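Worksheet: one structure, shown below.
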Amino acid sequence: MVDLIPRDVLFGNPERVSPRISPDGTQLAWIAPRDGVLNVWVAPIGPSGVGWDAATVVTDDTDRGIRAFSWARDGRHLLYVQDTGGDENWRLYDVDMETMARRDLTPFDGIQARIIATSKRHRDEVLVGMNRDNPQLHDVYRLDLPTGELVKVIENPGYAGWVADEDLAVRGALAPLPDGGFDLLVRDSAEGDWRTLVTITADDAPGSDVLSFSGDGRSLLAISSAGADTGRLCRIDLATGEIDVLLEDPEADVAGAVLHPDTRDPQIVEVLKDRTEYHVLDPSVEADFKAIRALHPGDPQPVGRDEADATWLIAFTDDAGPAQYFSYDRASRAGSFLFDSRPELSRYDLARMDPFAFTARDGLTIHGYVTFPPGGQRSGLPMVLDVHGGPQARDVWGFNPEAQWLANRGYMTVQVNYRGSTGYGKSFVSAGDREWGAKMHDDLLDAVRYVVDQGWADPKKVAIYGGSYGGYAALVGAAFTPDVFCCAVDIVGPSNLQTLLETVPPYWKPVIAQLYRRVGNPETDKEFLWSRSPLSRVHDIRIPLLIAQGANDPRVKQAESEQIVAALKDAGIDYEYMLFPDEGHGFAKPENRLKFYAAAERFLARYLGGRFEE
């Protein structure tokens with residue numbers, strides 16, 4: 001048996017993560033713990049590289065930790081958002097790198113702030129979205145960094161999103177339609193009249209995204225599945241509405257693109273299949289990307305560059321190792337290793353993640369990943385079906401701490417991109433419409449059948465596990481198909497679809513028609529939604545459950561777990577319930593993560609027979 005990987009090595013704070021280079025290329029910032037809490041650190045970059053010995057911590061979070069940040073275009077300020085206890089009421093903060101002064105830039109209760117745009121043409125300004133006046137809608141504010149002054153520049157009449165050009169003029173907007181589609185609106189100036197450029201149908205909405213205005217402001221770069229099944233990279237001429245398809249793949253959606261910092265033309269385009277496929281559209285970076293690919297066998301992801309476009313930062317994803325970060329110098333076409341996120345993992349044997357596919361009972365091809373315990377055995381294994389959330393999301397190839405944890409404990413881990421998952425075209429997403437607890441669940445059952453038929457899994461030792469929609473799937477597995485699973489783990493999963501839809505956050509209102517289309521309408525589909533709710537069949541549960549919930553979750557309220565826990569208690573059904581008073585939709589604080597995974601590990605060992613850390 002391979003050595004047991006301690007839980008804190010997998011789920012504790014990373015050693016370092018998320019490097020970001022300053023606009024002038026003279027400083028590197030990253031996230032790392034200080035006194036057990038993630039904060040932002042900065043070090044100078046000199047002729048010999050990063051001055052790690054001169055690194056200093058520049059933020060002062062003592063609670064939930066900072067998980068994302070960016071440099072302002074002035075190179076002087078660092079920007080980040082933070083909520084309270086997981087309530088997702090994000091406030092925008094900054095740090096002045098010259099004075100070390102820290103500010104709450106949006107000091108208002110109960111608001112959610114988000115950065116809409118920055119531009120090096122207006123280095124001292126940031127466009128901020130904030131729902132201060134109407135909790136359902138984000139108005140647009142112009143933030144002056146030197147003074148901290150916020151001025152509302154657009155009052156939101158009902159739009160779901162905004163797009164600004166390189167002059168920080170808001171010239172694009174998404175207007176929701178009653179059927180779940182959107183009109184993409186544009187205008188010729190910040191004061192001009194809005195007009196519809198294209199209409200995005202409800203079917204096309206999951207596979208569509210507006211990436212950027214062109215540098216000259218005359219066109220939009222977007223991902224669209226209009227006229228095709230998969231999302232294609234397109235350029236839309238604002239004057240004529242003409243659409244030029246730049247890249248498409250018949251099997252998978254375009255997942256994203258690396259854009260030129262000035263022209264905003266696509267340079268490298270990503271298509272996510274079993275692994276990421278890359279298409280270089282800009283010949284000027286072809287040699288660079290070839291050199292980058294030679295640095296590491298994993299999948300590269302550019303995470304930043306300086307304004308001179310001389311230095312790139314690259315994150316490499318691997319399935320059997322943590323993220324590794326490199327600095328790449330374009331002049332010499334040479335890369336320098338910066339750090340990996342969890343170096344202590346190098347002491348342990350990690351598992352590989354293998355893509356697989358099978359045919360569902362109605363003929364649909366379903367893709368997924370299987371992770372076997374390291375050591376070679378691939379037959380008759382206890383199995384955990386780990387269901388992703390969303391559900392309009394997908395599992396991907398790469399380092400997955402849960403898959404490594406489960407494999408290390410002796411379980412085969414199966415992750416399934418069931419119908420309704422994104423990335424495989426709009427018809428695959430639409431195949432999941434109104435199929436919560438039905439065909440979407442059938443895909444999970446068919447995956448279990450497939451791996452059992454391969455001889456990989458012991459059919460008597462199959463657990464179902466997941467968070468958010470995955471938590472719902474775990475409850476469905478326990479209530480609807482208890483003969484398939486021996487136990488279930490639900491993390492912040494809804495138990496009653498009616499109450500879930502009645503209590504969504506107010507700022508989801510502009511996209512609520514999409515949610516009703518995918519799940520059901522709480523005003524007209526009450527009986528239908530109840531029939532798909534695990535709470536409706538709680539008396540059919542015959543397997544033990546572990547349920548974990550964040551008290552401040554704004555998406556899946558605490559009541560979703562409380563009501564099924566009460567029903568389980570009344571029915572005398574075996575369960576464990578963990579309520580985290582300082583968490584929301586998932587567990588941000590490492591001490592809470594470790595507490596949950598310790599309980600989940602003991603729970604799974606009890607019913608699957610695997611190993612656990614004392």
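The values are calculated or read from the model by the stated rules, or taken from the named source; none is laboratory data. These numbers come from a predicted model, not from an experiment. Ideal geometry is used to build each Cβ from the backbone, glycine not excepted, and the neighbour counts take in all protein chains shown. Side chains are part of the model used for accessible areas, which takes the heavy atoms of the whole protein and leaves out ligands, DNA and RNA. Shrake-Rupley method; radii C 1.70, N 1.55, O 1.52, S 1.80 Å.
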Search the range 176-201 for residues that are free of Cβ contacts under 8 Å to residues at least 12 places away in the same chain and pair each with any residue that is of a type in the set (A, V, I, L, M, F, W, C) and assigned to a strand (DSSP E or B) when their beta-carbon atoms are under 9 Å apart and the residues are at least 6 apart or on different chains.
ARG195/LEU185; ARG195/VAL186
Selection status of PRO300, under 14 Å from ARG275 (Cβ atoms), part of a strand (DSSP E or B), at pLDDT 95 or above and out of contact with any helix residue (DSSP H, G or I) (no Cβ under 8 Å at 6 or more places or on another chain)
no
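In the range 116-134, how many are within 22 Å of PRO510 (Cα to Cα) and either open to solvent by less than 70 Å² (accessible area, probe 1.4 Å) or touching a Cys at 6+ places or on another chain (Cβ under 8 Å) (or both)? Before you say what the answer is, go through the steps one by one.
If we filter the range 116-134 for residues that are within 22 Å of PRO510 (Cα to Cα), which is where we start, we get 116-117, 127-134.
Those still in the list that are either open to solvent by less than 70 Å² (accessible area, probe 1.4 Å) or touching a Cys at 6+ places or on another chain (Cβ under 8 Å) (or both) too: 116-117, 127-131, 134.
So the answer is 8.
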Subset of the range 250-266 (residues that are assigned to a loop (DSSP other than H, G, I, E, B) and open to solvent by 40 Å² or more (accessible area, probe 1.4 Å)):
PRO250, GLU251, HIS260, ASP262, THR263, ARG264, ASP265
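Of the residues TRP30, TRP41, TRP52, TRP71, which single one is among the aromatic types (Phe, Trp, Tyr) and over 17 Å from SER341 (Cα atoms)?
Working: TRP30 fails: over 17 Å from SER341 (Cα atoms); TRP41 fails: over 17 Å from SER341 (Cα atoms); TRP52 fails: over 17 Å from SER341 (Cα atoms).
Going through TRP30, TRP41, TRP52, TRP71 in turn, just one is among the aromatic types (Phe, Trp, Tyr) and over 17 Å from SER341 (Cα atoms): TRP71.
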I'd like the full set of residues that are surrounded by fewer than 24 Cβ atoms within 10 Å (Cβ to Cβ) and part of a helix (DSSP H, G or I), limited to the range 409-428.
LYS426, SER427
Within the range 283-318, track down each residue that is under 20 Å from the mean Cα position of the chain (by Cα), free of Cβ contacts under 8 Å to residues at least 40 places away in the same chain and open to solvent by 30 Å² or more (accessible area, probe 1.4 Å).
GLN301
Taking the range 518-559 as the search range and keeping residues that are in a helix (DSSP H, G or I) and of a type in the set (S, T, N, Q), which one is farthest from THR481 (Cα to Cα)?
GLN558
What number goes with the only condition from (1) surrounded by 22 or more Cβ atoms within 10 Å (Cβ to Cβ); (2) of a type outside the set (S, T, N, Q); (3) more than 29 Å from ARG602 (Cα to Cα) that VAL492 does not pass?
(3)
Criterion first (more than 30 Å from ARG419 (Cα to Cα), of a type in the set (Val, Ile, Thr) and buried (at least 17 other Cβ atoms within 10 Å of the Cβ)) does ILE541 satisfy it?
no
Within the range 331-371, how many residues turn out to be surrounded by 12 or more Cβ atoms within 10 Å (Cβ to Cβ) and either in a loop (DSSP other than H, G, I, E, B) or modelled with pLDDT under 95 (or both)?
10
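Being in contact (Cβ under 8 Å) with a residue 60 or more places away in the chain and either hydroxyl-bearing (Ser, Thr, Tyr) or within 19 Å of THR413 (Cβ to Cβ) (or both) is the filter; apply it to the range 436-455 and report the residue that is most open to solvent (accessible area, probe 1.4 Å).
Kept after step one, since they are in contact (Cβ under 8 Å) with a residue 60 or more places away in the chain, are these residues of the range 436-455: 436-439, 442-443, 446-448, 450-451, 455.
Keeping just the survivors that are either hydroxyl-bearing (Ser, Thr, Tyr) or within 19 Å of THR413 (Cβ to Cβ) (or both) gives 443, 446-448, 450-451, 455.
Values: ASP443: 1, ASP446: 5, ALA447: 0, VAL448: 11, TYR450: 53, VAL451: 0, GLY455: 31 Å².
Of everything passing the filter in the range 436-455, TYR450 is most open to solvent (accessible area, probe 1.4 Å).
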Could you list, in sequence order, all residues of the range 456-487 that are farther than 16 Å from ILE573 by Cβ, open to solvent by 30 Å² or more (accessible area, probe 1.4 Å) and not in a strand (DSSP E or B)?
TRP456, VAL484
Reported set for the range 569-592 where residues are open to solvent by less than 50 Å² (accessible area, probe 1.4 Å), among the hydrophobic types (A, V, I, L, M, F, W, C), closer than 27 Å to ASP83 by Cα and not in a loop (DSSP other than H, G, I, E, B) is MET578, PHE580
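Filter the range 205-244 down to the residues that are assigned to a loop (DSSP other than H, G, I, E, B) and touching a helix residue (DSSP H, G or I) at 6+ places or on another chain (Cβ under 6 Å), then identify the one that is most open to solvent (accessible area, probe 1.4 Å).
Step one: of the range 205-244, the residues assigned to a loop (DSSP other than H, G, I, E, B) are 208, 214-218, 225-231, 238-242.
Narrowing the set further to residues that are touching a helix residue (DSSP H, G or I) at 6+ places or on another chain (Cβ under 6 Å) leaves 225, 229, 231.
On the way: SER225: 1, ASP229: 59, GLY231: 0 Å².
It comes out as ASP229.
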List, please: which pairs have Cβ atoms under 6 Å, are six or more places apart or on different chains, and start with a residue in the range 118-129 that is over 16 Å from ASP96 (Cβ atoms) and in contact (Cβ under 8 Å) with a residue 40 or more places away in the chain and end with one that is open to solvent by 10 Å² or more (accessible area, probe 1.4 Å) and among the small types (Gly, Ala, Ser)?
LEU127/ALA117; LEU127/ALA164
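With the structure loaded, tell me whether LYS595 is open to solvent by 50 Å² or more (accessible area, probe 1.4 Å), within 29 Å of PRO14 (Cβ to Cβ) and either in a helix (DSSP H, G or I) or among the polar types (S, T, N, Q) (or both) or whether it fails that test. Steps first, answer last, please.
Working: open to solvent by 50 Å² or more (accessible area, probe 1.4 Å): yes; within 29 Å of PRO14 (Cβ to Cβ): yes; either in a helix (DSSP H, G or I) or among the polar types (S, T, N, Q) (or both): yes.
Considered against the rule, which asks whether it is open to solvent by 50 Å² or more (accessible area, probe 1.4 Å), within 29 Å of PRO14 (Cβ to Cβ) and either in a helix (DSSP H, G or I) or among the polar types (S, T, N, Q) (or both), LYS595 comes out as yes.
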Name the single residue, out of those in the range 1-40 being in a loop (DSSP other than H, G, I, E, B) and farther than 25 Å from PHE587 by Cβ, that is modelled with the lowest pLDDT.
MET1
Could you grab me the full set of residues in the range 177-196 that are open to solvent by 10 Å² or more (accessible area, probe 1.4 Å) and under 30 Å from ARG434 (Cα atoms)?
LEU177, PRO178, ASP179, PHE182, ASP183, LEU185, THR196
So, in the range 548-564, of the ones that are of a type in the set (A, V, I, L, M, F, W, C) and within 14 Å of VAL489 (Cβ to Cβ), which residue ends up surrounded by the most Cβ atoms within 10 Å (Cβ to Cβ)?
ILE564
